[in-house]
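The values are calculated or read from the model by the stated rules, or taken from the named source; none is laboratory data. Since the structure is predicted, the reported quantities are computational estimates derived from the model, not experimental observations. Neighbour counts run over all protein chains shown; Cβ positions are idealised from the backbone, glycine included. Heads up: the accessible areas ignore ligands, DNA and RNA and are worked out on the full protein's heavy atoms, side chains in. Shrake-Rupley method; radii C 1.70, N 1.55, O 1.52, S 1.80 Å.
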Amino acid sequence: MSRIAFIGLGNMGGPMAANLVKAGHTLSVFDLVPAALDAAKAAGATAADSALETLEGAEVVISMLPASQHVEGLYLGQDGILEKIPAGALVIDCSTIAPATARKVAEAASARGLSMLDAPVSGGTAGAQAGTLTFIVGGEAATLEHAREVLQAMGKNIFHVGANGAGQVAKLCNNMALGVIMAVTGEAIALGVAHGLDPKVLSQMMAVSTGRSWATEVCNPWPGVLDNAPASRGYSGGFGNDLMLKDLGLAVEAAMRVGATIPLGELARNLYAMNKQAGRGGLDFSSVVQLMSDKAS
Ligand code: NAD
């Protein structure tokens, strides 16, 4: 069992930290939001007053922050913690960020003699709670072996996809597909509803037909179709529209770097930007369906 510093206890980090405690690890945690710290304390972690304070005796450091600038700030910023991480500790960033930022932080870690992985996740808040996340890992194979026991306490699938930064590239590919699929699923259900169909029956049919996906079966965008989906609780919790918008922006950047064509990814980025402009940036990304129908509320 390890002493783990865990920084970033939001929709994903909170339940991931709780699963590490359940697996018997000792956690020192930090978040800027006091309520997130209180929840982690209730789950059995020790709340620290700063990211720096979590590092005392840490054998593993895990971060789960919103975006590139937060990760770069945490490790390399003015009060960056990288310089203070104990020698020999393993560093794992689970946030979804730009591949170039992941490589930059990993290179700085390596210059200090620390091993680092980018290990973004898929599986949503339900996967984080159930401990069934998929980890998409970039970094050295030997470092992943060192991290495996810790990752297994939070997830059930681990994919090693290449060197540092590769985990982020693979994650962006997955989320670009997800962003497009969610938008078109909402569009399809809205079309059916406009023709008088019952959205639940339509979704049940699609979920066992060729239009099936995570968006029809797990996170259906239409309110009332699935009791546990964000759509059925006012689009709260889940995966924020602004986070999807960030990921699609990163996918566009990644495409430009290699001259790839991603027409649907670029269209989807604009849809989530429009959804943000309509005031739904903080809601679950499945609220994009409200661009197609005012009945989806
Ligand atoms: P979130 O906004 O719910 O949580 C982020 C947390 O980080 C917040 O509690 C915030 O207070 C904290 N934070 C920000 N800066 C900090 C700092 N400097 N020090 C300490 N804490 C800080 O986001 P989330 O939904 O948990 O997502 C986290 C990451 O995981 C994102 O990169 C996201 O793209 C990715 N992700 C999210 C989901 C999902 O379904 N929500 C799924 C897969 C991946």
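Annotation: lysines with alpha-carbon distance below 17 angstrom to Lys295 (same-chain offsets under eight excluded): Lys200. With both labels modelled 7 Å from their Cα along Cα-to-Cβ, the Glu253 to Cys173 distance reads 2.0 nm.
Each label was represented as a point 7 Å from its Cα along the Cα-to-Cβ direction; for Ala87 and Lys22 these points are 3.8 nm apart. FRET efficiency for the His195 to Thr261 pair, using the beta carbon distance and R₀ = 41 Å, is estimated at 0.75.
Measuring nothing but how far apart in sequence close Cα pairs (under 8 Å, 6+ apart) lie, relative to its length, the chain scores a relative contact order of 13 percent. Full extension of the chain between Met1 and Asn157 yields a length gain of 54.1 nm, computed as 0.36 nm times the residue separation minus the alpha carbon distance. Other residues with beta-carbon under 14 Å from the beta-carbon of Ala106 carry, at +1 per Lys or Arg and -1 per Asp or Glu, a net charge of -2.
Given just the C-alpha atoms of segment 169-293, how large is their convex hull per residue in cubic angstrom?
Cα-based convex hull of segment 169-293, divided per residue, equals 100 Å³.
The residues of the chain present an accessible area of 45 Å² per residue when probed at 1.4 Å with all protein chains retained.
In the frame of its principal axes, the chain has Cα extents of 63, 46, 33 Å, reported largest first. Counting only protein chain heavy atoms and rolling a 1.4 Å probe, the accessible areas of Asp198, Asp118 rank, largest first, as Asp198, Asp118.
Counting only Cβ charges, +1 for Lys and Arg and -1 for Asp and Glu, the dipole size of the chain around its Cα centre is about 480 debye. Give the longest segment of the chain that steers clear of trypsin sites (Lys or Arg not before Pro) in DSSP loops with at most 14 neighbouring Cβ atoms within 10 Å, not counting the sites themselves. Here the longest segment lacking exposed loop sites spans 1-111. For the chain, the longest principal axis of the C-alpha atoms and the axis of helix 263-275 are separated by about 90°.
Computed over segment 3-162, the Cα gyration tensor eigenvalues convert (square root of 5λ each) into semi-axes of 20, 19, 14 Å, ordered from largest to smallest. Modelled spin-label separation between Gln204 and Leu52, with each label point placed 7 Å from Cα along the Cα-to-Cβ direction: 5.9 nm.
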